[in-house]
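Structure record follows, encoded as C-alpha cells.
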2 protein chains.
Amino acid sequence: MGRETKPHRLEPVARRIRRDILASTAKAGSGHPSSSLSAVELTTALLFDGHFRTDLRHPRYRNNDRLIFSKGHAAPLLYALYVAAGTVARRELMRLRSRTSMLEGHPMPEFPYTEVPTGSLGQGLSAGIGIALSARMDRLPFRTYVLLGDSEMAEGSIWEAIQFAAYERLDNLTAILDVNRLGQRGLTMVGHNCALFARRVESFGWKTIIVDGHDLRAISAAYRTARAIKGTPTMIIAKTIKGRGVPFIENRNGWHGKPLFGRDLARALKELGPINEGHRMPIARPRTAKPLLLAKKPVAAVAYQKADMISTRQAIGAALTRLAPKYPNLIVLDGEVENSTYTALFHTKYPKRFIETYIAEQNMAGIAGGLASRGKLPAAATFAAFLSRAHDQIRMAQFAGTHQVFIGTHAGVSIGQDGASQMGLEDLTMFRSLEGSTVLYPADAVSAEKLTDRALSAKGIVYLRAGRNTAPILYANSTPFTVGGSITHRSSRNDKATIVAAGVTLNEALKAAEELQKRRVNVRVIDCYSIKPIDAATLKKAARQTKHLVVVEDHRPEGGLADAVRSGLGSLAGTVTSLAVHGIPHSATPAQLLHAHRIDAAAIISTLKKII
Amino acid sequence: MGRETKPHRLEPVARRIRRDILASTAKAGSGHPSSSLSAVELTTALLFDGHFRTDLRHPRYRNNDRLIFSKGHAAPLLYALYVAAGTVARRELMRLRSRTSMLEGHPMPEFPYTEVPTGSLGQGLSAGIGIALSARMDRLPFRTYVLLGDSEMAEGSIWEAIQFAAYERLDNLTAILDVNRLGQRGLTMVGHNCALFARRVESFGWKTIIVDGHDLRAISAAYRTARAIKGTPTMIIAKTIKGRGVPFIENRNGWHGKPLFGRDLARALKELGPINEGHRMPIARPRTAKPLLLAKKPVAAVAYQKADMISTRQAIGAALTRLAPKYPNLIVLDGEVENSTYTALFHTKYPKRFIETYIAEQNMAGIAGGLASRGKLPAAATFAAFLSRAHDQIRMAQFAGTHQVFIGTHAGVSIGQDGASQMGLEDLTMFRSLEGSTVLYPADAVSAEKLTDRALSAKGIVYLRAGRNTAPILYANSTPFTVGGSITHRSSRNDKATIVAAGVTLNEALKAAEELQKRRVNVRVIDCYSIKPIDAATLKKAARQTKHLVVVEDHRPEGGLADAVRSGLGSLAGTVTSLAVHGIPHSATPAQLLHAHRIDAAAIISTLKKII
C-alpha cells in the first residue's frame, strides 16, 4: 500500500524459486510448499544480494559461509535456491524425493550444500553454534546462518541454543526466524507476535531485528546490520505469510505439507506471473583466510602400574588428555559434569579445545554435530543416563556421515547410592541401534585408554561406556585393543562354559571363574569390550567349544550385550543365558546392587551350576 | 545488617532441618548437602508457614497441595522436611541411601511424598504442569509447587515448560527457583543475576517475585503474593547461598555432592548452634473440594469392513475416540501433529480431554507423568522418531509406577518419501529396554483398535507403534488381541519355516507365504503384535515344528523384534534369521524402501529359499 516502490531486482528470482517449489513438490506428489514459500525472500536476499559468501563449486571450502535449514521441511526451497544459483539442474529438482535423487524429503548430506541433516525440528541452531565455534577456534571469518521455523521455537533445544550462543557471544552467527504463524495443525503459541519473540530472544542476550519477511530491501538491510553487530548473535525475526505467492492458500490453515496439483497448481502458477527462466544468479565469493590449525604430534604411551585402582571414567579423561596432540582436531564437550566424567583433566590442559555446554545435553550433541561437519572431532561427555536426553540429536547424527564420539559415564547399577535416575541402563541399546555405530565398553584403565584411542580413530558415531568406581588393572600396557575385538581370559581345553562380560561385570566373571576353578570346574571368560561390532568369531568358537555362554551385563536385558552376542552367534544363539538388570534398582552400595540384580560373581556361579 | 529483627519462629526449624541434612548425608557417606542447604528456608516457609495445605497421613489425597523437587539431588532436604513434620522418623532419615530405606539418593515413589521421581534435571516443571492441569480438569483447588535449581535452567525442557505453563495460564502453579549460583563444577551461566532470570521468565508470560532466599518473612510474603496472582503462573526467584548455614563451605565452589565428615561435620554442627529437638511442625489442612470426575460408560464395538483400507495410525486415533467413555480418566496429548497421528479425532470429540503440547516432546512426556501421578491416564502421541526427543523423560517414567501410554506413528522406512529423519527406526528398542514396559505393534485397523484398548487397560509404560500408510483389514472384528499374544496365520503340519512379522511386514510375510504356497512350499506366518511381552510359547512351538524362523521388521536389526524373538526362544534362538533395516534409508516410495532394505515379500522369499 502507499507509495509505489520499484520492484527489487531479485523479485523475478524469488518468483522463479516459488515456481520451482510448487512444480517440484507437485511432481514429487508430497513435500512442504507452503512452509517453503514463506521463506523465499529471506533466503533469496541472503544468497543473491551479496551477503552470503561461498565458493559454489567447492561446498566444503573452509571459508564458505554456512546456511542451515533448521526447518528442514523447507528443503524444496533450499534446492530451488541452488537451482537459481545454477549449480543444481532444474531437471534434478523435478526428481525431488525420488529414490535416486540427491534431493530428499529433508536435507541429507548427499546434497552437497547440506551442512547437517535436518528434519527433526529444533536442532539446527545447535549445529550452527558448533560451526560458529569452529570458525572462532580456527580464526576463520566465515559466517553461519540458521533458518528457523516459528513452530520449532516450542522445542527446548532451541532455547538451550539461544541461551548458549549469547553466553558464548557468537557474533558470527545469525538466526533467521520465519514467523509464518501456522504450524502443521494450526496457529502456533505465539502467532504473528514478532515483538514477543524478540523480547524472549533478547532476554537471553541476543540482538534482534524485526522485518517484513517478504520485503527484500528490508531483509537485505537486516543482514547488513546483523553483520555489523559485535559481541552477540543476532536473530532476524521475520513476519511472513505461509504459502506466500499463492493467494488462495496464503496464511490459511490446512495447507501444511500439501503440494498443489492439477487445477490448483495451474491457478497458482498463473497467479505467480511470467517466469524469467535460466538466469543464473551470482553469489559473493568467500574470503581466503588461512585457518589456525594445530599440527599432529606424538603422544606418550599408556603407563599404568599393576597395583593401580582407577575408574574407567578417569582413564578415559586421562586418555583424552594424553591423546590430544595425536588428534589435533579433537574438541571435548561436557554437560556440566567434568569433575565426574574427568574431562576436567582435558579442560585444564587444553582449555581452548574444551567446550562447557552446561546441563543441556541436546545442545551439546547438536554442537558436536556442527563441529564435526567442519572437520573437528568432537567427544561429548556426560552421565550415560543423560545421553538419553540427546537421543534425537544423536539419531540425526547417524545420517551426517561424520565422526562423533560420545562418552557416557556412571553406567549401570554399579554406581550405587545415587539411585536409579543416575544409572545408565539403556545406553548400550540406544547406541547399538544407530546405523554404522561403534560401541566400546572398557573394563579397566588400560583398555579404557586404548579404546579411547580406537574411538578417536574410528568413523561414524562411537560410544564409549564408562563405569563410576575404581577398578583393578587387568591388562598390560602393551595389550592391543581393536574395534571388533575381544580378550579371552582363562581358556582351557576342558572349559565347561564361557562367561561373556564387559566393564564392571568382567571383574565379577573373573572372580566367579576363579572360584569355580577352586572346585575344579574350568570356565572361559571373554572380555567383550567391543559391543558393536562384536567379535562373532571368538564367541562362535567359545559356543562350539564350551557349549554354554553366560552373558553378564550391567544393563537392561533388552538390546545390550546379550542381544549383541545372540545376534553375533547366529545359529549358535541358543547357547546364551542372559544375566542383566531386571527390576528397578534401589539406592545401595555397588556390591549390594550387583548382588540384588544378579550380575555378580555369586549369580554367575549359581547360574553356571544349573547349566553345567 | 542494619536494624535488628526478631528471629522468625521457623528459624529453629530451619536450623534443625540443616542439622538433619548434614547428619544424614554424613551417615550415608554421600549425597548433596550443599544443594539442600540453599533451599531450606524456601521449603520450610512453604510447608510450615501455612502456605502448603496437605493431609500428611494421606499423601495421595486428591486435595493436597503438591510439591515436586525438580532438583532431585536436594532429596535430603525433602526428607528432613517430613522429619520436621513428624511423619518420617529421624532414625529412618539416618538410613538415607541404604538398601532398605525408602529414602533414596533421589526421590522415588516409595517415599510417599514423592509426586514424580526426579534426579534427571529439568523435568519437574513439566510434571508440575501435568498436575496443575489435572487440578483444573477436575476443578480442584489445590496448588502445585515446583522447586527448581538454577543449573537446570540450562535444560531446554525447562523452557518448554515455562513457555507452555504461561500459554495455559496456570495460576495454580508456583515455581521456586533456588539461585545458589553454583552448579556441580562451578558458576552457572547466570550466576546470582536473579533479575536476568526474571526478565527471561517474564518474557514468556510468567509473573516473577525476586526474594532473598534465606529471609523467611520475605519468602512467606512471596508465597502469599503468588497465590493471589490470577491468569499466569508465578516463579519465586530466590537468591540463595549454596551450603548456607555452614560458613566454611558457603558460596564456595568444590562442595557439590560432598557430605561433611569428622572434624568438618563437628565444626559445621557447632556453628549451627543448639537444636530444638522433637518439636513436630503442623502443616495446614487441605480444602475438601469434590472433584469433577466422569463416569465410566459403555462403548461401541469395533466395526470395520473387510474391504476397508485404513492406516493403523488412523485406527488408533479412532480407537482413542471410541474408547473415551470406557476410560473416563483418559487424556490425550499430542506434539502438534494431531492431523498426522489422528488424535485430532479425539480432540474434536473430547476437546477438554485433549492437550495440544506443541512441538515440545519432552514437555509432553513430562506432563503425561504429572497427569498420571494424579490418576489420569495419559496417551501421548507423535511420530515414533520424535519420541526419541523425550527418551530421558520416558526413562524416568519407568520409575514412577504409573500407567502412561505413548503412541508413535510413522514407524519405519515404509513412511516413504519424507526420508530418514522422519522414520522411527529405533523406537522398539527404546521402549523395550524400559522396566516393565509393554510394546504393541498392530498390523491392521482391527488389531490397532483392540491393542489400543489393551494399552489403555495395561499397567506401566505402554508403547503403541503405528504405521503411516493405509493397510488392508486382516482380522475379523471379533478377533481377540492380548498383551503377550500373537496370531498364527497359515499353519500346517508340513510348514518348512515360520515368518515372524509385525506391522507393515506382516503384509509382506503373507504375500511371501502365498507366493511360496503357489510353489507348494508351506510356511507359517506369525503376527507378533505383542513385541513385549512376547509370545514365547507360540514362537518356541514354531521353532520346534518348522525349524527356521525368519523375523522381518521395519526397524533397526538391534533391539527390536528379532532380538525380542531370540530372547523369547531361549535355547532355540539359533533358528532365527533377521531381516531388518540396515543402511541409511533414502526418500523413495514405501514399496521401493521395503524392497531396498530387504524387508519385503521378495526378500523374505529369497531368504527362505536359501534356508529351506
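The values are calculated or read from the model by the stated rules, or taken from the named source; none is laboratory data. The model shown is predicted, which means the values in this text are computed figures rather than measured ones. In this analysis, Cβ positions are derived from the backbone assuming ideal geometry, glycine residues included, and neighbour counts consider all displayed protein chains. Note: accessible area is taken over every heavy atom of the protein model, side chains too, but ligands, DNA and RNA are not part of it. Shrake-Rupley method; radii C 1.70, N 1.55, O 1.52, S 1.80 Å.
Observations
A quick yes/no check of all residues on (1) over 26 Å from A:ALA266 (Cα atoms); (2) touching a helix residue (DSSP H, G or I) at 6+ places or on another chain (Cβ under 6 Å); (3) part of a helix (DSSP H, G or I):
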| site | (1), (2), (3) |
| --- | --- |
| A:ARG9 | no, no, no |
| A:GLY31 | no, yes, no |
| A:THR44 | no, yes, yes |
| A:GLY50 | yes, no, no |
| A:ARG60 | yes, no, no |
| A:ASN64 | yes, no, no |
| A:ALA74 | no, yes, yes |
| A:TYR82 | no, no, yes |
| A:GLY86 | no, no, no |
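- For first residues located in segment A:79-99 and more than 17 Å from A:THR44 (Cα to Cα) and small (Gly, Ala, Ser), partners that are open to solvent by less than 10 Å² (accessible area, probe 1.4 Å) and assigned to a loop (DSSP other than H, G, I, E, B) and lie 6+ apart or on another chain with Cβ distances below 9 Å form the pairs A:SER98/B:SER587; A:SER98/B:ALA588.
- Scanning segment B:19-40 for residues that are within 12 Å of chain A (Cβ to nearest Cβ), in contact with a Pro (Cβ under 6 Å, 6 or more places away or on another chain) and open to solvent by 10 Å² or more (accessible area, probe 1.4 Å) yields no hits at all.
- Pick from segment B:571-595, criterion part of a helix (DSSP H, G or I) and within 7 Å of another protein chain (Cβ to nearest Cβ), ranking: surrounded by the most Cβ atoms within 10 Å (Cβ to Cβ): B:ALA573
- Leading residue by the ranking (nearest to A:ALA445 (Cα to Cα)) among those in segment A:487-501 that are touching a helix residue (DSSP H, G or I) at 6+ places or on another chain (Cβ under 6 Å) and hydrophobic (A, V, I, L, M, F, W, C): A:ALA501
- The single condition among (1) part of a strand (DSSP E or B); (2) within 14 Å of chain B (Cβ to nearest Cβ); (3) over 20 Å from the mean Cα position of the chain (by Cα) that A:ALA471 does not meet is (2).
- Of all residues in segment A:164-175 being part of a helix (DSSP H, G or I) and open to solvent by less than 10 Å² (accessible area, probe 1.4 Å), the one that is farthest from the other protein chains (Cβ to nearest Cβ): A:ALA165
- Every pair of residues 6+ apart whose Cβ atoms lie under 6 Å, when the first sits in segment A:200-216 and is free of Cβ contacts under 8 Å to residues at least 12 places away in the same chain while the second is among the small types (Gly, Ala, Ser): A:ARG200/B:SER203; A:SER203/B:SER203
- All positions within segment B:596-605 that are under 33 Å from the mean Cα position of the chain (by Cα) and either open to solvent by 20 Å² or more (accessible area, probe 1.4 Å) or without any contact (Cβ under 8 Å) to a residue 60 or more places away in the chain (or both): B:HIS597
- Subset of segment B:559-570 [within 7 Å of another protein chain (Cβ to nearest Cβ) and farther than 14 Å from A:ALA573 by Cβ]: B:GLY559
- Selected residue [surrounded by fewer than 19 Cβ atoms within 10 Å (Cβ to Cβ) and in contact (Cβ under 8 Å) with a residue 40 or more places away in the chain] from A:ILE611, A:ILE534: A:ILE611
- Subset of segment B:176-216 (residues that are surrounded by 18 or more Cβ atoms within 10 Å (Cβ to Cβ), assigned to a loop (DSSP other than H, G, I, E, B) and not small (Gly, Ala, Ser)): B:ASN180, B:ARG181, B:GLN184, B:ARG185, B:THR188, B:MET189, B:VAL190, B:HIS192, B:PHE204, B:TRP206, B:HIS214
- Hey, A:ILE359 at negative phi, within 23 Å of the chain's Cα centre (by Cα), in a helix (DSSP H, G or I) and not hydroxyl-bearing (Ser, Thr, Tyr) or not: no
- Checked against (1) hydroxyl-bearing (Ser, Thr, Tyr); (2) more than 14 Å from chain A (Cβ to nearest Cβ); (3) buried (at least 23 other Cβ atoms within 10 Å of the Cβ); (4) in contact with a strand residue (DSSP E or B) (Cβ under 9 Å, 6 or more places away or on another chain), B:THR54 meets all criteria but (3).
- Residues in segment A:120-145 that are open to solvent by less than 10 Å² (accessible area, probe 1.4 Å) and part of a loop (DSSP other than H, G, I, E, B): 3 in all.
- Flag for A:ALA502 being at negative phi, among the hydrophobic types (A, V, I, L, M, F, W, C) and touching a Phe, Trp or Tyr at 6+ places or on another chain (Cβ under 8 Å): yes
- Number of residues in segment A:248-270 that are over 38 Å from the mean Cα position of the chain (by Cα), surrounded by fewer than 17 Cβ atoms within 10 Å (Cβ to Cβ) and under 21 Å from A:ARG181 (Cβ atoms) equals 1.
- Residue check, A:ASP453 touching a residue at least 60 places away in the same chain (Cβ under 8 Å), open to solvent by less than 10 Å² (accessible area, probe 1.4 Å) and charged (D, E, K, R): no
- Answer residue from segment A:185-202, given it is more than 20 Å from B:GLU356 (Cα to Cα) and charged (D, E, K, R) and is farthest from the other protein chains (Cβ to nearest Cβ) among those: A:GLU202
- Of residues in segment A:335-366 being of a type in the set (S, T, N, Q) and open to solvent by 10 Å² or more (accessible area, probe 1.4 Å), the one nearest to B:LEU121 (Cα to Cα): A:SER340
- Answer residue from segment B:81-133, given it is over 20 Å from B:GLU361 (Cβ atoms) and in contact with a Lys or Arg (Cβ under 6 Å, 6 or more places away or on another chain) and is nearest to the other protein chains (Cβ to nearest Cβ) among those: B:GLY105
- Subset of segment A:484-523 [assigned to a helix (DSSP H, G or I) and surrounded by 19 or more Cβ atoms within 10 Å (Cβ to Cβ)]: A:VAL504, A:THR505, A:LEU506, A:ASN507, A:GLU508, A:ALA509, A:LEU510, A:ALA512, A:ALA513, A:LEU516
- Test: A:THR232 is part of a loop (DSSP other than H, G, I, E, B) and either open to solvent by less than 30 Å² (accessible area, probe 1.4 Å) or away from chain B (no Cβ under 14 Å) (or both): yes
- Residues in segment B:376-398 that are surrounded by fewer than 24 Cβ atoms within 10 Å (Cβ to Cβ) and facing another protein chain (nearest Cβ under 8 Å): B:GLN398 alone.
- Given (1) open to solvent by 10 Å² or more (accessible area, probe 1.4 Å); (2) out of contact with any Gly (no Cβ under 6 Å at 6 or more places or on another chain), number of the condition A:GLN417 does not satisfy: (2)
- Note on segment A:533-542: residues that are touching a Gly at 6+ places or on another chain (Cβ under 9 Å) and either within 14 Å of chain B (Cβ to nearest Cβ) or charged (D, E, K, R) (or both) amount to 6.
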